[in-house]
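Every read-out reported here was derived from the displayed coordinates using simple, explicitly stated rules and does not represent laboratory data. Please read all numbers here as calculations on a predicted model, not as lab measurements. Cβ placement follows ideal geometry from the backbone for every residue including glycine, while neighbour counts extend to all protein chains displayed.
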Amino acid sequence: VRDPEELERRMTNVMERKRTLGRSSRCGGPEECPQDCDSLRRDTLAILKLLLASLKQSRLEAVDYSKGTILHCLCAVDYSEGVALLLGPPFLHPPDPPDRQGVTPLLLSLSLGHLQCARELLSLPCSPNSLHPSLHLTPLQLLISRALTISALHLQVVQLLLDKGADPTLAHEADSPV
């Protein structure tokens with residue numbers, strides 16, 4: 001399904017079913033009503049697959065799905081609309097899970113120069129001073145070191161990082177770009 005209205009209709013259906021299950025006195029979770037929870041889980045996964053299906057195949061081939069969450073995948077291909085969708089209801093995906101190497105979606109986005117995704121992630125609580133395990137840079141350092149030019153979006157992301165508590169004096173390397 002490539003129609004945004006169809007995707008929105010399916011998501012609304014999943015959200016309503018999730019609310020109904022949550023209010024139901026007969027449902028105590030997967031142990032008591034596994035068919036309802038399984039159906040909801042299947043529908044949620046189907047929506048995520050639809051979301052990924054809307055991406056161009058060439059962008060998806062560059063992503064190693066074994067390393068992180070679906071949020072990492074969406075950040076890796078710079079799909080900020082998907083990031084916003086995944087962070088909001090009904091999914092409410094946590095914004096800051098590290099992958100197997102310890103890279104958070106924010107660190108990944110900034111290391112690749114994906115500022116729209118970074119801005120979406122910074123709309124929720126996430127660690128502004130985490131350290132990229134292999135690059136040894138904080139999000140603010142990554143943002144500055146990867147910038148070829150400074151745009152208004154760069155300044156917005158810098159401000160969001162500072163608002164979240166990013167420490168501009170924090171230097172993990174002697175040649176810190178900050």
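Net charge near CYS126, counting Lys/Arg +1 and Asp/Glu -1 over other residues with Cβ under 11 Å of its Cβ?
Around CYS126, the charge tally is -1.
Gain in length, LEU148 to SER134, computed as 0.36 nm per residue apart minus the alpha-carbon separation, to one decimal in nm? If you can, show how the numbers build up before the last one.
Numbers: separation 14, 0.36 × 14 = 5.04 nm, distance 2.13 nm.
Length gained, LEU148 through SER134: 2.9 nm.
Separation between the ASP96 and ASP163 pseudo-spin-labels, each 7 Å from Cα along Cα→Cβ, expressed in nm?
Going from the ASP96 label point to the ASP163 one covers 1.6 nm.
Between LEU112 and GLN156, what is the label-to-label distance in nm when each label sits 7 Å out along the Cα-to-Cβ direction?
According to this spin-label approximation, the distance is 1.9 nm.
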